1. Which count do you get for residues in segment 232-266 that are within 27 Å of Thr112 (Cβ to Cβ) and in a helix (DSSP H, G or I)?
2. Out of everything in segment 282-296 that is outside any helix (DSSP H, G or I) and either of a type in the set (S, T, N, Q) or open to solvent by 10 Å² or more (accessible area, probe 1.4 Å) (or both), what residue ends up being nearest to Leu258 (Cα to Cα)?
3. Given the condition farther than 23 Å from Glu65 by Cβ, open to solvent by 10 Å² or more (accessible area, probe 1.4 Å) and modelled with pLDDT of 95 or more, answer yes or no: does some residue in segment 111-124 qualify?
4. If a residue must be under 19 Å from the mean Cα position of the chain (by Cα) and free of Cβ contacts under 8 Å to residues at least 60 places away in the same chain, how many such residues does segment 118-137 contain?
5. Exactly one of these conditions fails for Arg61: (1) surrounded by 15 or more Cβ atoms within 10 Å (Cβ to Cβ); (2) farther than 26 Å from Tyr187 by Cα. Give me its number.
6. Would you say Tyr12 is at pLDDT below 95, open to solvent by less than 20 Å² (accessible area, probe 1.4 Å) and not aliphatic (A, V, I, L, M)?
7. Taking Met216 and the conditions (1) under 20 Å from the mean Cα position of the chain (by Cα); (2) hydrophobic (A, V, I, L, M, F, W, C); (3) in a helix (DSSP H, G or I), which numbered condition does it fall short on, given that it satisfies the others?
Amino acid sequence: MRVIGLMSGTSYDAIDAAAADLELAGDRLVLTPLGLVSAPYEEGLRAALSAALPPAPTTLRAVCELDTRIGQAFAALAVRADRELCDGRAELIGSHGQTVYHWVGEGRAYGTLQLGQPAWIAEATGRPVVSDLRTRDIAAGGQGAPLVSVVDTLWLRGRPGVCVALNLGGIANVTVVPDGGGEPLAYDTGPGNALIDAAVRHLTDGRLDRDEDGAMAARGTVHGPLLDRLLAEPYYARPAPKTTGKELFHLPYLRAALAGLGPLPADDVVATVTELTAVTVADAVRSAGAGEVVASGGGTRNPALLAALRRALGAVPLRTSDELGLPSAAKEAYAFAVLGFLSAHGLAGTVPACTGARHPSVLGSITPGRGGLRLPPETAAARAAPVRLEIRG
């Protein structure tokens, strides 16, 4: 089946569309990557999204408008991906949408909201769309994240020792995959790029929205008292599985940590929040007894962050997912193609040990395509959940 996965992460800088050929072959799910296309959010839409995100107040009208406009933006990219990557032969689309709120408290997830109305995608492409992929896991007592853990577990199982898959998005998350069939573990470690991006936008008065090539962090010096304040955040001491988001790690949070420290050079602030990401990720890796880290996500394009992470990891080797055949920039989009495929085949898309749910769940809601709802035929292969993910090509 030819599937397109659509994704926009917590940094909300762009929408990614990755296409793959997916097939069930015995106990394996075989993924052949077909490529990635991306498109930045139109400036006005990105500004409207930013203005509506916590801790800012918003209105139901703004939420409705965002749901429509984000859905239309996802639809336009899906049409492009079908044309450029699939020769117009895509059969299914898995859409993550744009997370705008993840409702957690006292270690429990109560709800989550992703915008990007799938009807616009189905109408524009004519293909069925699997969306709203997180809520079912929350209803089953899980965190609704990290959903990429099912891909990490299938893909990295069998590597020697303990392997940690790391995603460096706006929020950083890890999947711990032990050798020998032990239970995996997955959770959000804390901020990935979230506080870095917030600091850069604030300190440059909006002239920059990210630390391009880690230039500011590389020029700066880590400020010990600020780092100590940030590391005192109670979230880091909570047991896994756990999830977080920009509901916690946002600009007012950083400004509160800066209060009373006096004026600090902008580069030092960026260097410090970059170090925060590296230290909290490395703490998670060490606690897992990991033998290697396989990283993906936008943060892998930040040399200063990767250098800080390598220092914090010490002897634990850090590599990117590209080295194992899965492009790091596209990994999450491929993950949502996989999740859409699993749901369309009636297969669970969660690992309860990773999300904390009571049981595995078939995820999402399906919006029919132009030809109505036509699910894959039920076969013995389709009823058997894969135990391995193989990357071809």
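1. The qualifying residues number 11.
2. Just the residues of segment 282-296 that are outside any helix (DSSP H, G or I), to begin with: 288-296.
So of that shortlist, the ones also either of a type in the set (S, T, N, Q) or open to solvent by 10 Å² or more (accessible area, probe 1.4 Å) (or both) come out as 288-292, 296.
Details: Ala288: 31, Gly289: 33, Ala290: 33, Gly291: 36, Glu292: 34, Ser296: 30 Å.
Residue satisfying both the conditions and the ranking: Ser296.
3. Going through segment 111-124, the residues farther than 23 Å from Glu65 by Cβ turn out to be none.
The answer is no; no qualifying residue exists.
4. Of the residues in that region, 1 qualify.
5. Every listed condition holds for Arg61 apart from (1).
6. Numbers: at pLDDT below 95: yes; open to solvent by less than 20 Å² (accessible area, probe 1.4 Å): yes; not aliphatic (A, V, I, L, M): yes.
Taking the combined requirement at face value, the residue satisfies it.
7. Checking Met216 against (1) under 20 Å from the mean Cα position of the chain (by Cα); (2) hydrophobic (A, V, I, L, M, F, W, C); (3) in a helix (DSSP H, G or I), the one that fails is (1).
Yes/no per residue for (1) open to solvent by less than 10 Å² (accessible area, probe 1.4 Å); (2) more than 19 Å from the chain's Cα centre (by Cα); (3) acidic (Asp, Glu):
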{"site": "Arg310", "(1), (2), (3)": "no, yes, no"}
{"site": "Ala315", "(1), (2), (3)": "no, yes, no"}
{"site": "Thr320", "(1), (2), (3)": "no, no, no"}
{"site": "Glu323", "(1), (2), (3)": "no, yes, yes"}
{"site": "Leu326", "(1), (2), (3)": "yes, no, no"}
{"site": "Leu342", "(1), (2), (3)": "yes, no, no"}
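The values are calculated or read from the model by the stated rules, or taken from the named source; none is laboratory data. As the structure is a computational prediction, the values presented were derived from the model and not from experiment. Neighbour counts run over all protein chains shown; Cβ positions are idealised from the backbone, glycine included. Quick note on the areas: whole protein, heavy atoms, side chains included, nothing else; ligands and nucleic acids left out. Shrake-Rupley method; radii C 1.70, N 1.55, O 1.52, S 1.80 Å.
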